[in-house]
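> Here you go, one structure.
The values are calculated or read from the model by the stated rules, or taken from the named source; none is laboratory data. Bear in mind that the values here come from a model prediction, so they are computed numbers and not experimental data. Neighbour counts run over all protein chains shown; Cβ positions are idealised from the backbone, glycine included.
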Amino acid sequence: MNDPHFTTPIAQRIWDTKYRHYERGAALDACIEDTWQRVAKALVEPENNADYWRVRFYGILRDFKFLPGGRILAGAGTAHQVTLFNCFVMGTIADSMDGIFDALKEGALTMQQGGGVGYDFSTLRPRGAQAAGVGSVASGPVSFMRIWDSMCATILSTGARRGAMMGTLRCDHPDIEEFIAAKQNRSQLRHFNVSVLVSDAFMTAVSRDEEWPLVFPANESEMGGELLLRAWPGYGDAVPCKVYKRIRACELWQNIMRANYDYAEPGVLFIDRINRLNNLYYCETIHATNPCGEVPLPPYGACNLGSINLAQFVRDPFSAQARLDLDAIATTAAIAVRLLDNVIDVSHFPLASQTGQAQRSRRIGLGLTGLADALIMLQIHYSSSAAVQTAQQVMQRICHAAYQASIELAQEKGVFPLLDKEKYLAGVFVRTLPESIREGIAQYGIRNSHLTAVAPAGTISLLANNISSGLEPVFGHRYTRRVLKRDGCYADYAVDDYAAALWRKDRASDDLPAAFVTAHELTPAEHLSMQAAIQPYVDQAISKTINIPADYDFVQFSDLYRQAYDLGLKGCTTFRPNAVTGEILHKPDAQHAAPHCCGLEREAD
């Protein structure tokens, strides 16, 4: 291995194939140091004091302390006409053939430049409904999702970035049952993650065992039937909706749960909570997220992500003096906010509408990765109360440092254009911030509408020598990782977990410490507790997969999603091994099938 910064072959392979700068087949980044220098130099372009900030940007990139989103690593400082944003939520799909194929074209252009896409298909009329003006009947949103899926496969086959998509549908859309079952055929919608938009009203109906109406906006000829007023995407105000049928809310909930239990999809997004806690509640409505769910976005919104690698901030690991350097984490967070804010100004965007949305809100999503490895190095068991407290403490520090840095940026560079101070300060999340931060916003404003999100960070965590990804537990101390290659085939790599490898190197022992716990040794409730612990300090959302044993009781499984709702989460994703999605991580001798939708080849790195 040539580069001393890489301790695992897979890390160097990830860098070489995904993030190293090539021009016409020639490598311009000789080593990862060159990549860090290239990114730091590119992202100081908006600064008056470029030399000062280039040193500081390089300082947090070096040794993988801060891991910006993969598009930033791959594209910043190159001549390539690509976006530095990982993912987008696309515009509202108009319910017409022109509207549908205009939206398809916008998605293709966005994916061609490297962005993953999210769509809400709730605006498309249900299967069997009359198509106004042409005398035919509609084929429904799921049928059009298949066109998107084919487009994504085509873009992927051209050698462009991997095709990650999110598709959502309201829980009261008449085709919701078809949507729930859409991915149960292993040949269907393989490039989509899918999630149901679950409302507070639906959760109440489930708890009361009430009937649940499935509705869609009525056209003029349908005004004589049973109608209910509903807020609906694509309409400014609540509109009369035709009731297509009524089903028991509990029955629909069980259908969602059974599909999750058997096929790992669809996920659940608690959409009313997402909108209620949105810092820009006063000027936008959200109906979809990026492909992995950690950034709920309005039409044409984009996610600009980066993760602080906690494993690099553990001092004296595995000793009685082991500790997290919280001050260094806060300092890194403040510099990372400036770096990500600059990404907005230097990035290309596939569409002008995306440029405008990013510049008006200046959203960024700063999070953490390597949490599980950091806990192991601190000799704290992931399921313990000490682990929960440590995670909370770290995420709180990142959150507050980020908000303070954004206030200081506002003083220097100006506030984000959509800021209405009075309404912003009245927001549910903003009201939870310390008084000193709220006073700073009142006096100076703030540069970025949103500042925190916890991404899966799977690929960039592999790049950082296989640290544990995001807030996920360690999968195993030694296992096989399957990676999608440029030619569309998979390669298997034997990999060691970062903390386990460090322990063996320092101790020359395979007897791992008691704190070393894997994802499959934790109960689903313990997974959920960690996600719930840090949500109060995340103004957007959290990508987290709750691992479910194959023999886990279905009744207990169903209750996990109710617990997620009661704990204040914005969404929930589980994974139980099954014949359709298989496993992305496996032991060398294990059989495995098609990849799970949230595997590395689906993450928009």
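> Whether any residue in the range 511-520 is surrounded by 21 or more Cβ atoms within 10 Å (Cβ to Cβ) and in contact with a Leu (Cβ under 6 Å, 6 or more places away or on another chain) is what I want to check.
No.
> Additional query: For the range 540-558: of the residues being hydrophobic (A, V, I, L, M, F, W, C) and within 24 Å of H400 (Cβ to Cβ), which is surrounded by the fewest Cβ atoms within 10 Å (Cβ to Cβ)?
I542
> For I147, all conditions in the list (1) at pLDDT below 95; (2) surrounded by fewer than 24 Cβ atoms within 10 Å (Cβ to Cβ); (3) at negative phi hold save one; what is the number of the exception?
(1)
Matching residues to (1) among the basic types (K, R); (2) touching a His at 6+ places or on another chain (Cβ under 7 Å); (3) without any contact (Cβ under 8 Å) to a residue 40 or more places away in the chain; (4) crowded, with 24+ Cβ neighbours inside 10 Å:
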{"site": "A311", "(1), (2), (3), (4)": "no, no, no, yes"}
{"site": "F318", "(1), (2), (3), (4)": "no, no, no, no"}
{"site": "Q321", "(1), (2), (3), (4)": "no, no, yes, no"}
{"site": "A328", "(1), (2), (3), (4)": "no, no, yes, no"}
{"site": "L339", "(1), (2), (3), (4)": "no, no, no, yes"}
{"site": "F349", "(1), (2), (3), (4)": "no, no, no, no"}
{"site": "S353", "(1), (2), (3), (4)": "no, no, no, no"}
{"site": "Q359", "(1), (2), (3), (4)": "no, no, no, no"}
{"site": "L366", "(1), (2), (3), (4)": "no, no, no, yes"}
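> Could you list, ordered by first residue, the pairs with Cβ atoms under 6 Å in which the first is in the range 262-275 and of a type in the set (D, E) and the second is in a strand (DSSP E or B) and surrounded by fewer than 24 Cβ atoms within 10 Å (Cβ to Cβ), at least 6 apart or interchain?
E265/V194
> If you don't mind, there's one more thing I want to ask. Residues that are within 25 Å of A386 (Cα to Cα) and of a type in the set (F, W, Y): list the helices (runs of 4 or more DSSP H) wholly contained in the range 475-572 that include at least 2 such residues.
498-507, 554-566
> Give me the residue from the range 432-474 that is among the charged types (D, E, K, R) and assigned to a loop (DSSP other than H, G, I, E, B) and, out of that set, nearest to A533 (Cα to Cα).
Applying the filter and picking the extreme gives E472.
> Still on this structure, I have one more. Given Y537, Y561, which one is surrounded by 23 or more Cβ atoms within 10 Å (Cβ to Cβ) and at pLDDT 95 or above?
Testing whether each residue is surrounded by 23 or more Cβ atoms within 10 Å (Cβ to Cβ) and at pLDDT 95 or above leaves just Y561.
> Moving on to the next point. Check the range 195-208 and report whether any residue there is surrounded by fewer than 14 Cβ atoms within 10 Å (Cβ to Cβ) and outside any helix (DSSP H, G or I).
So far as the range 195-208 goes, yes, one or more of its residues are surrounded by fewer than 14 Cβ atoms within 10 Å (Cβ to Cβ) and outside any helix (DSSP H, G or I).
> Go through the range 30-43 and give me each residue that's over 16 Å from A464 (Cα atoms) and in a loop (DSSP other than H, G, I, E, B).
If the condition is that a residue be over 16 Å from A464 (Cα atoms) and in a loop (DSSP other than H, G, I, E, B), then A30 is the only one that fits.
> Also, quick follow-up: Hey, among the residues in the range 381-411 that are within 21 Å of A514 (Cα to Cα), surrounded by 21 or more Cβ atoms within 10 Å (Cβ to Cβ) and of a type in the set (A, V, I, L, M, F, W, C), which one's nearest to the chain's Cα centre (by Cα)?
Checking each candidate, the answer is A391.
> Yes or no: G427 of a type in the set (G, A, S), part of a loop (DSSP other than H, G, I, E, B) and assigned by TED's automatic domain parsing to the domain that holds F66?
It is true that G427 is of a type in the set (G, A, S), part of a loop (DSSP other than H, G, I, E, B) and assigned by TED's automatic domain parsing to the domain that holds F66.
> Quick one: P299 ticks every box in (1) buried (at least 24 other Cβ atoms within 10 Å of the Cβ); (2) part of a loop (DSSP other than H, G, I, E, B) bar one, so which box is it?
With respect to (1) buried (at least 24 other Cβ atoms within 10 Å of the Cβ); (2) part of a loop (DSSP other than H, G, I, E, B), P299 is out only on (1).
> In addition: Would you mind finding the one in A386, A372 that is of a type outside the set (K, R), within 22 Å of G476 (Cβ to Cβ) and in a helix (DSSP H, G or I)?
A372
> Still on this model: Looking at the range 312-327, can you tell me whether even one residue there is under 27 Å from K41 (Cβ atoms) and part of a strand (DSSP E or B)?
No, the range 312-327 has no match at all.
> May I ask you to say which residue of I93, I100 is surrounded by fewer than 24 Cβ atoms within 10 Å (Cβ to Cβ) and in contact with a Phe, Trp or Tyr (Cβ under 8 Å, 6 or more places away or on another chain)?
On inspection, the qualifying residue turns out to be I100.
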